[in-house]
Structure formats: C-alpha cells, structure tokens
Amino acid sequence: MDDYQALSDAYLRLLTADSNTCLELGLEERLNELPDPSLEAFLARRKQAEQLLEQASTLHAQLSDFDQKLDVELIALAARQYALDKSLVFNDKLEIEQLPNAGDEISTGIFYLVTIDPRPAADRLDNILARLQQVPDYLQRMLARLDTPVARWVDIDCETIDGLPDFFASIYSWGKEVSYSSLDALDEAINQAQDALKAYQGALRQLPTTVHFHVGAEAAQSLVDARGIALSLDDIHQYARDFVDQTRAEIEALRLELVARYALDPATTATQLQQFLARAHAVQIEGEQFAQVIDRYTQVADDLVAFVTERDLFPIPDGQAMKIIQTPAFMAPMIPAGAMMPPPAMREGTRTSIVYLTLSRELLAEHTELGIPLMMLHEGIPGHHLQLSTAAMHPAVVRRTFMANEHAEGWTTMLEDYMLDQGLMGELTDEARFVTKLDLSRIGARVAIDLYFMTGEIRYLDIGYDVTFTGEDAFADAARLLIAATGFTPGRAESELNWYSQERAYPLSYLVGNRLVWQLKRDYQQATRDSLSPVEQDQAFHRIYLQSGNMPVAKLRTVFEHELGRVLTA
C-alpha cells in the first residue's frame, strides 16, 4: 500500500469513528452502535484528527501529481476542521462539555436506518433494536460529560426528546406492519429508552446553565479558514450588506412590475403579492388525492431533465436516480413537511436520492406551480441531486465525502437565477424570480446571525434592516433580524436560530457560496471568452464543477486553473 492510499484509509477511519456517520455514508459498519458521547471518546477522536493532519502535511511535500496533492490538501483541511471543532472553548470549558445533544445523536442514526438504508426491514429493525437497548447507558455517559451547559441548548435537546415518542411509535408500527419477529423486544426497548430519556431530561434540567455561547472573533475566523473560505469576517459581513441592498431593490422592482401586470392595488406589499401568486398558481387536485401532487413533482423533475438535456447544459451521468414519494405514514412524525436525502457517498450501485413529501390539506398552499419547479431544480437536477450523485462517483474518497457547504449551497443558489435566465419558467419568469428573491432574503440574515453567534459582536447584525437590538438576549436580537428579513413566524424563526447556534460557519455558507460561485464563473468566462462560445463556456464550467467532486470553492478554483493552464483573475 502506498502512502497516498494509506492516508485515504486513515481519513476514512476518522469519519467512521462515528457510527452515525457510517450510516450517512452508506457503509455497513457499526450498525448496532450508538455513538460514544463520553469526553474520553471525544478527545480520542480529536487526537486522531491531529495525527491525520500531521500525516497529510508530511505526505503533501512528497507529491507531484496535481490531483493527489489536491486530495491530500482536502484531507488535511478535513482533519483541521475536525480537530478545530473539537477544540472550541468558551466559558473556560470545551464546547462539548456544554452541548447536550442526546436526542439528536440517538435519533439521527435510527432515522438513517429507517429512510436511506436499502436492506430488508428485519435487518434494519435488528440494528434499531440494538441501538435502543443502549440508550440508558448512552444517557448516563452524556450526563457525565456535561458541565454547565448552554441554556438554549438544553431546551433544544429536551424539545428533540419530546418528539421521540412519536418517532419510536412509528418504528413500532413499522415493525408490526412487517411482522418483525422481535416485536416484543422492540416494544420493551422503546419503553426502557423512553423511561431513561425522561430521567435524563429531569437530570439535565437540574444542571446549572449559562447563556453565553460565543467563541470570539479569533476562533470564528479560524472556523471560517478551516472550511477553506479565504475571507475575513468583515468581508463576509460586507457580502451580506451588499446582498441585502441588491435583493431588496430587485424585489421592489419585481413587485411594481407584477402589481401592474395583475392590476392589483399599488399599495400591495411584497408579502401580499406572494400570497396572491400562491393562490393564483396553486396546484389543482381533486379532493384528498395527494398523489396528484407527487405526480406533479415527478412530472416537473422529468421536465427539468428534458430541459437541460435538450440544451446540453449539464453532464448527467448514468447510474443516478431520484425518487419522489409521499412520506409513509409511519415516518410522518419525523418529516413534518418534506425532506431530501442525498445519495450515501460511499454506497456503490445506483446513486439514489429520495425526496419525501408530507402532504395534507393544510400544507397544500406550499405546493404551487411557481414553487415546485424552483424546489426541484434546487434539490434535483441540476441541483443537489446532480451535484452530490456525481461527486459520489468520484474515485477519490475525500472528494465523495468532503463537507464543503459553500460549494453545495453556492451551486444551487446560483442555479436558481441561472435557470430562470435560461428561460425555464417562460412567461412566468418574473413571478418565479420574485418568489425566489423573497425566499433567498433569508441568506443575508443567516450571515449576520452566524457571525454574531460566533463572535458575540452585535455590530454584525447591522446589514441594512431597520431593526433595533438591545444586546440583552442574543437569540431575541437574532430573531428580530430574521423576522424582519424573511417574515417568518416567531416559531419558525426560533427553529432556524436553534441550528444556527450549533452549526457554526454553516449558515453563512449559503451567501458566501453564492457569491464565490458566481465570481468563479465570471472569471472563467473572462478567461475563455476568445476560445469558447457562451454555451460552450456554460457546458465546460458545469462539467468541471460537477466532475471535480466536493471541495471548497477556493480549491475548485485551482482545478479550473489547472485545466486552463493559467491563473484565473479574481
């Protein structure tokens, strides 16, 4: 075995140290195990990442092949991310000592076993049973790890656990439906797990808590750097300010155009116009026949494939598929509206994404002839499904599995404008663009709140909205901005803020990725203006982007430069 392969194997061992990650990647390893929540296991994985980083740094200097050197750089970056995330300190303690996340860790792997595992139901239920039987011991180790947790994170964990009885009941119903042979043992394990979870919630609520969860500007910059984003925090903040100015102007121009087109009251607000368009372009179904909505999504997905194939804009590989199905009844408590499960990166065979839609009369207004095409181009082809299924076919393990959020989200948010420019929506282009711009308004606020939550510096919330901040409650201030930017209900805003607070440097990736991808495309067009037609430029850009695999956009720029044989002007 050569050194490059040995490094790739060590990288995969780092990923598969977590049993939930094994399931996410589609590997049939550690299926019966819950993750180890202990501080000792956490520190051992951090040491493993630090050793991998050192191994990658040593090997990189010995290589000359461009692709192998890039792979090693990505492995080093992944190891750096992993080690940094496990080294975050605030309140003089490691973050992990202040983060109760038992509900999420217990349910995530089981959810993967239910949804994306293609094996027979009995095999999956055996694994679920084994995991449920470990819940009491897992919770004891989680409690032993915690020291003065963040109050909001305690609430999040307890709220997640409150939803688990419905989840477990759906699993029992599934077992009953398929005549699972160990149904009594499953019932007993569920009851024991629920008793242990109630006791854990009680013990968790008794712990002293803190409201402070900021890691500071220096650590925030390190988190951004470790994700391969070569921008300062202030550069990113300026992106948000510029985006807000531009997007609000575009929304207002479209509002004026559409109000006139539909002969509406000139005082009609953007929110009122959005509601009018939703009614005017609602999907028509008969009675409660929600299968007609699934049929419409499937038809739109097929139409999108035909649209891009006719124009030859994107390389669509063989060996990929996407299923759009109504959420099975036993899964509905886990998926209240809908979910997209991308292809597991390490599972061989057809790379299959699954789009689940939970349908009801109350949710029908969310499915419109404007929204469905936009949703499917984002999630399907040419969006996440095409990008991630193509990446899952890359020969390098790191390019299948690397988590580059700004790469993935930058691709899809770029496509929303690009596909409208290509004429996807025909005479409804203005309507669709208006709806898209309203929906995208949230990504500017995400940047501001992400920066604020990481640093604690309230100035980052100033991105141009007329909102007053008190500085007394970080979540209350963030909610004011998010509601002003999006019109979300307080409940929806609170749910968004929960994950913003725990997924540091992820919320900002949507806007940062959008800006970086558009800039990369413009630079590529400038560099090839004398050698390729506009259509050929699009085709080449999309081919290189998709077939290079997952990586930060800054690293992807080096791939384009390697292909061109010269540096792109930024």
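The values are calculated or read from the model by the stated rules, or taken from the named source; none is laboratory data. Treat the numbers as computed from the prediction; the structure is a model and nothing was measured. We place every Cβ from the backbone using ideal geometry, glycine too, and count neighbours over all the protein chains shown.
Let me confirm something: among Ala270, Ala220, Ala253, which residue is in contact with a Lys or Arg (Cβ under 8 Å, 6 or more places away or on another chain), surrounded by 13 or more Cβ atoms within 10 Å (Cβ to Cβ) and at pLDDT 95 or above?
Unique residue meeting the criteria: Ala220.
What's the number of the condition Glu369 fails, among (1) touching a Ser or Thr at 6+ places or on another chain (Cβ under 9 Å); (2) within 30 Å of Arg279 (Cβ to Cβ); (3) among the charged types (D, E, K, R)?
Condition not satisfied by Glu369: (1).
Looking at region 291-308, is at least one residue loosely packed, with under 14 Cβ neighbours inside 10 Å, more than 18 Å from Ser389 (Cβ to Cβ) and touching a helix residue (DSSP H, G or I) at 6+ places or on another chain (Cβ under 7 Å)?
There is no residue in region 291-308 that is loosely packed, with under 14 Cβ neighbours inside 10 Å, more than 18 Å from Ser389 (Cβ to Cβ) and touching a helix residue (DSSP H, G or I) at 6+ places or on another chain (Cβ under 7 Å).
Take the conditions surrounded by 20 or more Cβ atoms within 10 Å (Cβ to Cβ) and either farther than 18 Å from Ser19 by Cβ or more than 27 Å from the chain's Cα centre (by Cα) (or both) and apply them to Tyr172. Does it pass?
no
Please list, ordered by first then second residue, the pairs with beta carbon atoms under 7 Å, 6 or more apart or interchain, first in region 550-570 and basic (Lys, Arg), second surrounded by 15 or more Cβ atoms within 10 Å (Cβ to Cβ) and assigned to a loop (DSSP other than H, G, I, E, B).
Correct list of pairs: Lys555/Gly228; Arg557/Leu568.
Anything in region 87-120 that is over 18 Å from Thr160 (Cα atoms), assigned to a loop (DSSP other than H, G, I, E, B) and of a type outside the set (A, V, I, L, M, F, W, C)? List them, or say none.
Ser87, Asn91, Asp92, Asp117, Pro118, Arg119, Pro120
To keep it simple, each residue is scored yes or no on (1) of a type in the set (Asp, Glu); (2) modelled with pLDDT under 95; (3) under 21 Å from Thr412 (Cβ atoms).
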| position | (1), (2), (3) |
| --- | --- |
| Gly491 | no, yes, no |
| Trp499 | no, yes, yes |
| Ala505 | no, no, yes |
| Ser509 | no, no, yes |
| Asn514 | no, no, yes |
| Trp518 | no, no, yes |
| Arg522 | no, no, yes |
| Gln525 | no, no, yes |
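Among the residues that make up region 433-450, is at least one of them out of contact with any strand residue (DSSP E or B) (no Cβ under 9 Å at 6 or more places or on another chain) and farther than 30 Å from Leu546 by Cβ?
Yes: one or more hits.
Does region 21-43 include one or more residues that are among the basic types (Lys, Arg) and closer than 30 Å to Pro120 by Cβ?
yes
Please indicate, with yes or no, whether at least one residue in region 523-540 is more than 20 Å from Pro315 (Cα to Cα) and within 25 Å of the chain's Cα centre (by Cα).
no
Just checking, how many residues over region 437-464 are charged (D, E, K, R) and touching a Phe, Trp or Tyr at 6+ places or on another chain (Cβ under 9 Å)?
The number of residues fulfilling the criteria is 5.
I'd like the residue in region 409-434 that is aliphatic (A, V, I, L, M), out of contact with any Ser or Thr (no Cβ under 7 Å at 6 or more places or on another chain) and surrounded by fewer than 22 Cβ atoms within 10 Å (Cβ to Cβ) and, out of all such residues, is nearest to Ala219 (Cα to Cα).
Met414
If a residue counts only when it is closer than 19 Å to His384 by Cβ and among the hydrophobic types (A, V, I, L, M, F, W, C), which helices (runs of 4 or more DSSP H) contained entirely in region 466-570 have at least 2 such residues?
Counting at least 2 such residues, we get 509-527, 534-547, 553-564.
So, restricting to helices (runs of 4 or more DSSP H) that lie completely within region 121-216, which ones have at least 1 residues that are farther than 27 Å from Glu503 by Cα and not basic (Lys, Arg)?
Filter on region 121-216 gives 121-133, 164-177, 183-206.
Could you tell me whether Ile161 is modelled with pLDDT under 95 and among the aliphatic types (A, V, I, L, M)?
The answer is yes for Ile161.
Applying the selection to region 513-570, what residues are aromatic (Phe, Trp, Tyr) and surrounded by 17 or more Cβ atoms within 10 Å (Cβ to Cβ)?
Tyr524, Phe541, Tyr545, Phe560
Just give me the residues in region 374-428 being within 14 Å of Pro552 (Cβ to Cβ), among the small types (Gly, Ala, Ser) and in a helix (DSSP H, G or I), in sequence order.
Ala391, Ala408, Gly410
With respect to Ser107, is the statement that it is touching a Ser or Thr at 6+ places or on another chain (Cβ under 8 Å), surrounded by fewer than 22 Cβ atoms within 10 Å (Cβ to Cβ) and polar (S, T, N, Q) true?
In short, yes.
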